[in-house]
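The structure appears below as structure tokens.
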Amino acid sequence: MPPQVSLSPEQKQELATIANQIVAGGKGILAADESVGTMGKRLKNIEVENTEENRRVFRQLLFSTEGEMADCIGGIIFFHETLFQSTDDGIPFTQLVKDKGIVVGIKVDKGVVPLAGTDGETVTQGLDGLHERCAQYSKAGAQFAKWRSVLKIGDNCPSPQAIQANAEVLARYASICQQNGLVPIVEPEILPDGAHNLHRCQYITEKVLSAVYKALNDHHVYLEGTLLKPNMVTPGHCCATKFTHEEIGMATLTALHRTIPPAVPGICFLSGGQSEEDSSLNLNAVNLCPLSKPWRLTFSFGRALQASALAAWAGKAENISLGQEAFLQRAKINSLSSKGEYIPSGDTSEASNFNLYAQNYIY
Amino acid sequence: MTHQAPALTPEQKKELNEIALQIISPGKGILAADESVGSMAKRLTQIGVENTEENRRFYRQILMTADDRVKTFIGGVIFFHETLYQATDDGTPFINIIKERNIVAGIKVDKGVVPLAGTNGESTTQGLDGLAERCAQYKKDGADFAKWRCVLKISPTTPSALAILENANVLARYASICQQNGIVPIVEPEILPDGGHDLKRCQYVTEKVLGAVYKALSDHHIYLEGTLLKPNMVTPGHSCPTKYSPEEIATATVTALRRTVPPAVPGVTFLSGGQSEEEATINLNAINKCPLPKPWALTFSFGRALQASALNAWGGEKDNMQAAQDEFVKRAEVNSLASLGQYEPSIEPSAEGEGEGEGAASQSLYVENHAY
């Protein structure tokens, strides 16, 4: 078993530098990579038509937010369409974002497909031609990528096949990204659907993450040049028992402690349907949990960063700054949470606490 | 995968974690005194001593009764089965002496390597039969941790996927059975230093092996906080023409661990694998000074590298007991310092490293294709 060098020292250095830059102290990721269909749902909620222009205007609202936004956001995940859009003044979004020192990322998976013979489980597709697509995205200014695999908890789930299949595709995706100078964000999301309790979620998260890191090892993925985007460990949405933020923090950090090698520079949690405020409080609790934290623990939030902004904008041109203020406020709060420094004042907008859970969530 | 059937109660987990933490308390490491009868034969032959049960008892007594300074340096002692039931000249069981000094008693439980058919001279380790009953008995008799050694080797065709998988699996089964019986398993996947491979090759193989080990431990529901890892340091093969500095060895070692060992593991207790006493200490020190973040304790579980000078000083003569103990305590102390990154060698080892330098401390303890 002689080692074939998959990456040169220079390639490794570049990947590690990008990964660290994204999660540098107090920064996290804005997941703005909603597909056209998913944006449709968001815009429908505020009674805005799902046109390419409306999608462009909303992303422009987010990306052109001034001031401390760049201190809180280390990376933005784009959807393919958005990567080639520009501001009203014709400045490409990629340039707008890069000029603020924010790293550009791109969602590269092509959605979930069913795994035959399982109880409604899925695997994610998108490997075909991924090498060429990554090369193009790199030319277009992207420096990291994201791929979402989905697992769910049920009586027969997640099955060993689903775990293995998803771990494998995540590792193949990661390998291809790194060959093209893109830092892969590895996202093995375990949905919060179900009535299971916190401990069941923790147990399953440990099994899933262990399989993911074995696959990454098998595929010679350079861990220092990756990021992980996992679910926090939470009770199922229909679980009767309530758990405190501290319990969630401890369960989450324990699961990570048991599975994530210290070489991984950062863990950027998905919000998975938690409200804006809960996401921030739970992230804060994870960072306050008294176990060692050899990786940065930060956010990669979509809904949990954008819900208030969407509501404040409501599709009206005159509300752009209101929307930006709402976004900036969540960005600052999450930045504090990523350092364990968030102290809620109680002054959160109505939209913040609204439970963003949507059953069997598909982007 | 449906239900969680907890392997351990919270109380069992707490006990295991506390034992593990006690063994690797800051500044402490493990004395591996678990040489089998056959291994002891080799050691005693070298100093012209007959390999009798009494001589083995007497020699272990030298180590067990060293002065109180060892309490600061030694967190655990690994016994061989025979030794666990031996006593000092005045009839005090060794295990009592150890425990009185707040040192945790451990026991080697594997039954040696056996060949893996169809491989290029590779092996697995046996000892699972009746292991639960044996662990229960050892726990009653005072042992709180155990050790099991698997062996892999580097060559153009090895370690093979089968050897890695099989050894990871038996380590996980062993660990599971230990934990069920309140015993902290030390997991030892030794990659031998035999061969002409360079540092990078050893690092690559170590990462693959440890990746497989931790997957197996996860699959077998092992409570990582109640385990310890006993790996090889990442070093070049013994016949490698390139020389590497302790810092290079340290960086390669820590990098390999960072890519494979979850932070939940409380401590990594390195084997010395045929390095000389001084080399092992210097490398351990460099590992602890490595600037990469290291969330586990990094200390020693040395056999030869703690005992070589002591054995030589004893030479089989009762009158030399104090001198032998002094040598042992000296090595225990420097390794304690090394585990804190605070060791400053008074004499720089020569640039050529192995086999040169004065006294038994620098003499290379390498034995080809080492089997305990």
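The values are calculated or read from the model by the stated rules, or taken from the named source; none is laboratory data. Source: prediction; values computed, not measured. Glycine also receives a Cβ, built like all others from the backbone with ideal geometry; neighbour counts cover every protein chain displayed.
Things to note:
- Single condition residue B:27 does not satisfy, out of (1) away from chain A (no Cβ under 14 Å); (2) outside any loop (DSSP other than H, G, I, E, B); (3) touching a helix residue (DSSP H, G or I) at 6+ places or on another chain (Cβ under 8 Å): (2)
- Residue in the range B:129-152 that is modelled with pLDDT of 95 or more, of a type outside the set (D, E, K, R), surrounded by fewer than 16 Cβ atoms within 10 Å (Cβ to Cβ) and within 30 Å of residue A:214 (Cα to Cα) present: yes
- Tally of residues being of a type in the set (Lys, Arg) and modelled with pLDDT of 95 or more across the range B:309-338: 2
- Single residue of the range A:244-273 satisfying the filter (modelled with pLDDT under 95 and in a loop (DSSP other than H, G, I, E, B)) that is nearest to the other protein chains (Cβ to nearest Cβ): A:244
- Residues (of a type in the set (A, V, I, L, M, F, W, C) and touching a strand residue (DSSP E or B) at 6+ places or on another chain (Cβ under 9 Å)) located in the range B:235-270: B:254, B:257, B:261, B:265, B:268, B:270
- Within the range A:186-230, the set of residues being farther than 16 Å from residue A:256 by Cα and either among the hydrophobic types (A, V, I, L, M, F, W, C) or without any contact (Cβ under 8 Å) to a residue 24 or more places away in the chain (or both) comprises A:191, A:195, A:215, A:217, A:221.
- Scanning the range B:208-229 finds no residues that are crowded, with 22+ Cβ neighbours inside 10 Å, in contact with a Gly (Cβ under 8 Å, 6 or more places away or on another chain), on the phi < 0 side of the Ramachandran plot and assigned to a loop (DSSP other than H, G, I, E, B).
- Checking A:164, A:95, A:178 one by one, the residue that is part of a helix (DSSP H, G or I) and in contact with a strand residue (DSSP E or B) (Cβ under 8 Å, 6 or more places away or on another chain) is A:178 and no other.
- Enumeration of residues in the range A:102-125 that are hydrophobic (A, V, I, L, M, F, W, C), over 25 Å from residue A:18 (Cα atoms) and assigned to a strand (DSSP E or B): A:112, A:113, A:123
- Only one of B:190, B:166 that is of a type outside the set (Val, Ile, Thr), assigned to a helix (DSSP H, G or I), away from chain A (no Cβ under 14 Å) and surrounded by fewer than 24 Cβ atoms within 10 Å (Cβ to Cβ): B:166
- Number of the condition not met by residue B:218 [criteria: (1) away from chain A (no Cβ under 14 Å); (2) among the polar types (S, T, N, Q); (3) without any contact (Cβ under 8 Å) to a residue 60 or more places away in the chain]: (1)
- Boolean, residue A:38 is part of a helix (DSSP H, G or I) and surrounded by 14 or more Cβ atoms within 10 Å (Cβ to Cβ): yes
For (1) within 28 Å of residue A:179 (Cβ to Cβ); (2) surrounded by 19 or more Cβ atoms within 10 Å (Cβ to Cβ); (3) of a type in the set (Phe, Trp, Tyr), each residue gets a yes or a no:
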| site | (1), (2), (3) |
| --- | --- |
| A:114 | no, no, no |
| A:117 | no, no, no |
| A:121 | no, yes, no |
| A:125 | yes, no, no |
| A:131 | yes, no, no |
| A:136 | yes, no, no |
| A:141 | yes, no, no |
| A:149 | yes, yes, no |
| A:159 | no, no, no |
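This table checks each residue for (1) at pLDDT 95 or above; (2) of a type in the set (S, T, N, Q); (3) more than 24 Å from residue B:60 (Cβ to Cβ).
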| site | (1), (2), (3) |
| --- | --- |
| B:263 | yes, no, yes |
| B:274 | no, no, no |
| B:279 | yes, no, yes |
| B:282 | yes, no, yes |
| B:286 | yes, no, yes |
| B:297 | yes, no, yes |
| B:300 | yes, no, no |
| B:303 | yes, no, no |
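- Every residue from the range A:5-45 that is over 23 Å from the mean Cα position of the chain (by Cα) and either at positive phi or in contact (Cβ under 8 Å) with a residue 40 or more places away in the chain (or both): A:6, A:7, A:11
- Selected residue [among the polar types (S, T, N, Q) and away from chain B (no Cβ under 14 Å)] from A:166, A:217, A:197, A:180: A:180
- Candidate set: the range A:220-229, residues that are within 14 Å of chain B (Cβ to nearest Cβ) and not β-branched (Val, Ile, Thr); chosen: the one nearest to the chain's Cα centre (by Cα): A:228
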